[in-house]
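The values are calculated or read from the model by the stated rules, or taken from the named source; none is laboratory data. Worth saying up front: this structure is predicted, and the values here are computed from it rather than measured. With ideal geometry, Cβ positions are generated from the backbone for all residues, glycine too; neighbour counts draw on all protein chains shown.
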Amino acid sequence: MLHHGAIPERVYLNHISPLWYHQMAGPLVSSRPTLRRLSRARLLQDTNNKMQQIDSIGFAVRGALYHCPVKGEFEYHADALVLVDHQGQITEVLTPEAPGFAARCAALSEANELTELAEGQYLMPGMVDLHVHAPQWPQAGKGLDLPLYDWLQDYTFPLEAKFADVTFAREVYPHLVNALLANGTTSAVYFATVHNPASVALAEICLELGQRGYIGKVNMDDPDQCPPYYIESTEQGLADTEAFIQQVRALPGNEQQLVNPVITPRFVPSCTRAMLQGLGELAQRYHCHVQTHCSESDWARDYSQAHYGQSDVEIYQSMGLLTDRTILAHSIFLSDSDMAAIRDAGAAIAHCPLSNTYFANAAMKTREVLDGDLQVGLGTDLAGAPIPSVFHTCLDAVNHSRAREDGTNTHLPAQQRGEAGSRVSFLEAYWMATVGGGLAIDAKVGLFAPGYAFDALVVDANAPDSDLYLPEGMDTPRDRLEKLISLTRRQNIRTVWVQGRKVIQK
Ligand SMILES: [Zn+2]
């Protein structure tokens, strides 16, 4: 072990110059001929390891950092250094107390591999949107004062049918994906339409623009519930779904599986029993993600009871569609046994608070879902809600829970009006939008830690036209984070990275 004593290993391991190795190796190995080969071998190995490590650093970002690794809590570092390798994975997260911090920063800066954030800028995890109807983007903001049935018949189905034309899809989808990225959504779980070419086009556009995408070719084959101009046969729907899975997985440039196919029965009423069964078999065979709507409204819940004598959760479970890769949008009317089944399966819920306000007929049991340790993240439900920002969805989740807690009926006394103790905090909402969403899509995203993908945002409180006002000395770190969650808008998001690739810079 003499050579260990002779070599200042810590310094050596932190050093990056191969010249330094050659300078040190000569005098050391010449003094002990019997150890010479061992020492050289050891040195070469160490050098190779170290050089590989250095070579593997693609870039680093230094600045103030927020994230919420633990539900309901947060971490803030006024100064942190996040190192990212060439595959877009985080290799280290360091703070100034770490040995060699200043030297690392200096070396990275010299190598032109360091991005340093300015005063008022914050590094935050990318947001995960668990529920987006991509083809509904052109209708965002229309008809949201209508009942669901009219909204679907008058706006949604005629619009979705247009995606039979892949050229139309190629006009709409880039605008949506770019808007979501610019609003900080680094991962999105999409419903597309029944059409294979347009659904594959959405996957290609995500890949091209650099968004982590989970994309579903929608299935709907029940002639009693689907309009005649927007329906598929059971057989064709299943064949198209299998082809879609294979096509998306094999897309050129998708070696890191940045885009993924998702099995997507629209909801129970739109699918025949044979379709649900067939999709369940595909989910098991391909180990795919599954997404669907679950007990979204009184009508949806009653339909399942009338036709199956079961809840949506029980139906999906019996069809093989409730797995640890399933994302259930809404999930408003859940019984205790439904909640237990979701938890036991390891499935996740996409909570879409603003859409629920319009269409759910009731409030989401978010408090119980969080306390029951079910997997849960947030969804915008574009265009069942019109705002393409998961920051805004965090605010909506807090608002939704507070309306539920207080109630709305002024004819009732206060203590009977709402459901006491049901509010959720901004930190819980933000955890759902980041870590919770990452768990739901089985991706290592949503926080800054070694092994996680570098999906991240620079939020700039000092951006022009900003609503964020963070005056010196008036906010605690928690106050500041709550303001960042509530008031970050598109203009505040300066830079967006997905898997280490810079996809937005302004
Ligand atoms: Zn939806």
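Annotation note: of Cys105, Cys68, the sole residue that is surrounded by 15 or more Cβ atoms within 10 Å (Cβ to Cβ) and over 26 Å from the mean Cα position of the chain (by Cα) is Cys105. Looking only at the range 202-210, decide whether some residue is at pLDDT 95 or above and surrounded by fewer than 16 Cβ atoms within 10 Å (Cβ to Cβ). Yes. Scanning the range 310-341 for residues being part of a helix (DSSP H, G or I) and among the charged types (D, E, K, R) gives a total of 4. Residues in the range 342-359 that are buried (at least 24 other Cβ atoms within 10 Å of the Cβ) and outside any helix (DSSP H, G or I): Ala347, Ala348, Ile349, Ala350, His351, Cys352. Pull out all pairs, ordered by first then second residue, where Cβ-Cβ is under 9 Å, the residues are six or more apart or on different chains, the first lies in the range 238-255 and is in a loop (DSSP other than H, G, I, E, B), and the second is among the acidic types (Asp, Glu) and loosely packed, with under 15 Cβ neighbours inside 10 Å. That search, which allows pairs on different chains as well, returns Gly253/Glu208.
Would you be able to say whether some residue in the range 281-294 is within 16 Å of the ligand (Cβ to nearest atom), in a loop (DSSP other than H, G, I, E, B) and either of a type in the set (A, V, I, L, M, F, W, C) or not assigned by TED's automatic domain parsing to the domain that holds Cys206 (or both)?
Initially, the range 281-294 is screened for residues within 16 Å of the ligand (Cβ to nearest atom), giving 289-294.
Still in the list and also in a loop (DSSP other than H, G, I, E, B): none.
No: zero hits.
Do we have any residue at all in the range 144-159 that's in the same structural domain as Ser355 (by TED's automatic domain parsing) and among the β-branched types (Val, Ile, Thr)? Scanning the range 144-159 turns up at least one residue that is in the same structural domain as Ser355 (by TED's automatic domain parsing) and among the β-branched types (Val, Ile, Thr). Go through the range 278-319 and count every residue that is farther than 26 Å from Asn361 by Cβ and surrounded by 17 or more Cβ atoms within 10 Å (Cβ to Cβ). Of the residues in that region, 7 qualify. Counting only helices (runs of 4 or more DSSP H) wholly contained in the range 365-436, the ones carrying 2 or more residues that are crowded, with 24+ Cβ neighbours inside 10 Å and more than 16 Å from the ligand (Cβ to nearest atom) occupy 390-406, 426-431. Listed by first and then second residue, the pairs linking a residue in the range 98-125 that is at positive phi to a residue that is part of a helix (DSSP H, G or I), with Cβ atoms under 7 Å apart and 6 or more places separating them unless they lie on different chains, are Gly100/Asn14.
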